[in-house]
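J.: Sending over a structure as structure tokens; questions will come in a sec.
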Amino acid sequence: MSSDQPVPVSIQRLLDVYPSFALLAGLRLEVFTRLKGGPLSAAQMAVALGIEPERLQVLLYALAAAGLLEVRGADLFANTAEAGRLLVKGNPHYLGGTHALWAQLWEAGLRTADSLRAPLAKHDPAAMPPAELAAFIEGLHPDALETGAALALRPEWAGCRALLDVGGGSGGMSIALCRAHPNLCATVVELPTVAPLTQRFVGEAGLVKRVEIRAADLLSQPLEGGFDAAVLKAFLQTLSPSQARQALAKVAAALCPGARIYILGQGILDDSRLSPPEAACFNIVFLSLYPEGRAYTESEYRAWLEGVGFAEVERHALADSSLMITARKK
Ligand SMILES: C[S@@+](CC[C@H](N)C(=O)[O-])C[C@H]1O[C@@H](n2cnc3c(N)ncnc32)[C@H](O)[C@@H]1O
């Protein structure tokens with residue numbers, strides 16, 4: 001091959017998916033949690049797992065090659081600092097609870113080509129088996145908490161009393177915002193199949209007096225007004241354009257003049273449809289999960305928002321590289 005021929009750099013990078021599978025297996029087997037007390041050998045861990053040590057060792061070396069474990073001495077394995085902080089169950093920053101959702105999303109991604117005709121890994125909260133629904137909502141919870149905590153740092157919350165959290169899932173956004181702002185109360189509107197899960201998370205957070213849960217379909221049931229802020233995280237992206245417009249009209253009608261709306265989640269693109277690249281690529285997963293849901297562009301959000309009475313539409317880049325759209329009701 002002559003030196004001016006393209007080399008498969010991008011292709012090779014894209015084919016390196018196996019560390020992700022090792023991570024998923026490590027979390028499913030709670031490898032990192034088992035190592036929280038110090039290094040162990042494959043043989044020591046294999047007993048509790050009922051797995052042959054030689055087979056477990058393959059996974060442990062893969063996790064070490066992936067940068068999540070360190071090999072100490074003769075076949076002893078220890079968590080790296082990152083794994084010890086983020087992948088050990090019970091630690092406050094534990095990310096691993098989301099692994100069942102990762103598996104759902106990766107399986108959806110594997111079905112992309114066929115899902116172009118019709119979604120083959122549907123996320124329909126009204127019809128999903130309870131265990132899958134719980135994994136979906138529980139998997140979203142850590143990110144909802146983190147996103148809510150980051151949003152809570154914005155100065156405008158000081159004057160807010162009544163928050164509307166539409167399609168709030170676990171209620172994580174409301175929980176984080178209410179924790180940060182003692183004068184704030186929230187109402188989470190969720191489908192009746194999801195509302196009991198929301199109730200559980202809100203109860204565990206000790207916020208039942210400040211976070212109300214309304215079991216309702218926003219698109220077909222009435223929504224009383226009086227809110228002075230609304231958050232819609234990963235909600236409009238699950239709807240068709242006409243449903244998204246309809247949902248925004250309902251939210252607008254429920255907000256007081258001057259109230260702000262915050263639209264967040266993976267499915268927000270700039271008008272190039274290429275950026276953020278994570279959102280442009282994750283957009284294929286929506287094809288498998290929802291009949292018409294997808295990432296929408298800044299211009300689409302702007303047109304919908306202005307069409308239902310919002311002004312000051314702005315796009316913000318967040319620390320996790322996703323975008324947020326905000327607007328103010330006239
Ligand atoms: C992708 S999840 C996002 C959950 C949460 N906002 C988060 O980011 O963690 C979308 C949520 O919207 C809810 N949802 C979808 N359609 C709805 C509707 N018509 N009315 C109320 N909630 C709805 C679903 O039940 C689901 O929990």
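Where a number appears in this text, it was derived from the coordinates with a stated rule and is not lab data. What you see is a predicted model, and the numbers here were worked out from it, not measured in a lab. Note that each Cβ is placed from the backbone with ideal geometry, even for glycine, and that neighbours are counted across all protein chains shown.
J.: Restricting attention to region 170-190, which residues are out of contact with any strand residue (DSSP E or B) (no Cβ under 7 Å at 6 or more places or on another chain) and over 14 Å from A152 (Cβ atoms)?
T.: S170
J.: So which residues in region 193-211 are more than 23 Å from L255 (Cα to Cα) and either within 9 Å of the ligand (Cβ to nearest atom) or touching a residue at least 60 places away in the same chain (Cβ under 8 Å) (or both)?
T.: T193, V194, L197, F201
J.: Looking only at residues in region 297-314 that are within 24 Å of the chain's Cα centre (by Cα) and surrounded by fewer than 14 Cβ atoms within 10 Å (Cβ to Cβ), which one is farthest from A280 (Cα to Cα)?
T.: Looking at residues that are within 24 Å of the chain's Cα centre (by Cα) and surrounded by fewer than 14 Cβ atoms within 10 Å (Cβ to Cβ), I get E314.
J.: Moving on. Looking at the structure I just gave you, is D165 closer than 18 Å to F310 by Cβ and within 9 Å of the ligand (Cβ to nearest atom)?
T.: yes
J.: For residues that are away from the ligand (no atom under 12 Å from the Cβ) and either surrounded by 14 or more Cβ atoms within 10 Å (Cβ to Cβ) or hydroxyl-bearing (S, T, Y) (or both), tally how many sit in region 117-131.
T.: Residues in region 117-131 being away from the ligand (no atom under 12 Å from the Cβ) and either surrounded by 14 or more Cβ atoms within 10 Å (Cβ to Cβ) or hydroxyl-bearing (S, T, Y) (or both): 4 in total.
J.: Check off (1) assigned to a helix (DSSP H, G or I); (2) basic (K, R); (3) surrounded by 15 or more Cβ atoms within 10 Å (Cβ to Cβ) for R13 and give me the number that stays unchecked.
T.: Only one criterion is unmet by R13, namely (3).
For (1) assigned to a loop (DSSP other than H, G, I, E, B); (2) surrounded by 15 or more Cβ atoms within 10 Å (Cβ to Cβ); (3) free of Cβ contacts under 8 Å to residues at least 60 places away in the same chain, each residue gets a yes or a no:
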{"site": "A48", "(1), (2), (3)": "no, no, yes"}
{"site": "Q57", "(1), (2), (3)": "no, yes, yes"}
{"site": "L60", "(1), (2), (3)": "no, yes, yes"}
{"site": "E70", "(1), (2), (3)": "no, yes, yes"}
{"site": "A78", "(1), (2), (3)": "no, yes, yes"}
{"site": "A83", "(1), (2), (3)": "no, yes, yes"}
{"site": "K89", "(1), (2), (3)": "yes, no, yes"}
{"site": "H99", "(1), (2), (3)": "no, yes, no"}
{"site": "Q104", "(1), (2), (3)": "no, yes, yes"}
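J.: If we only count helices (runs of 4 or more DSSP H) wholly inside region 212-330, which ones have 3 or more residues that are within 16 Å of the ligand (Cβ to nearest atom)?
T.: Once the helices (runs of 4 or more DSSP H) in region 212-330 are filtered for at least 3 residues that are within 16 Å of the ligand (Cβ to nearest atom), what remains is 241-254, 277-289.
J.: Would you list the helices (runs of 4 or more DSSP H) that sit entirely within region 111-183 and hold 3 or more residues that are over 17 Å from the mean Cα position of the chain (by Cα) and free of Cβ contacts under 8 Å to residues at least 40 places away in the same chain?
T.: Hits in region 111-183: 172-180.
J.: Which residue pairs have Cβ atoms closer than 7 Å, lie 6 or more positions apart in sequence or on different chains, and pair a first residue in region 291-303 that is without any contact (Cβ under 8 Å) to a residue 24 or more places away in the chain with a second residue that is in a strand (DSSP E or B) and of a type outside the set (V, I, T)?
T.: From region 291-303, no pairs qualify.
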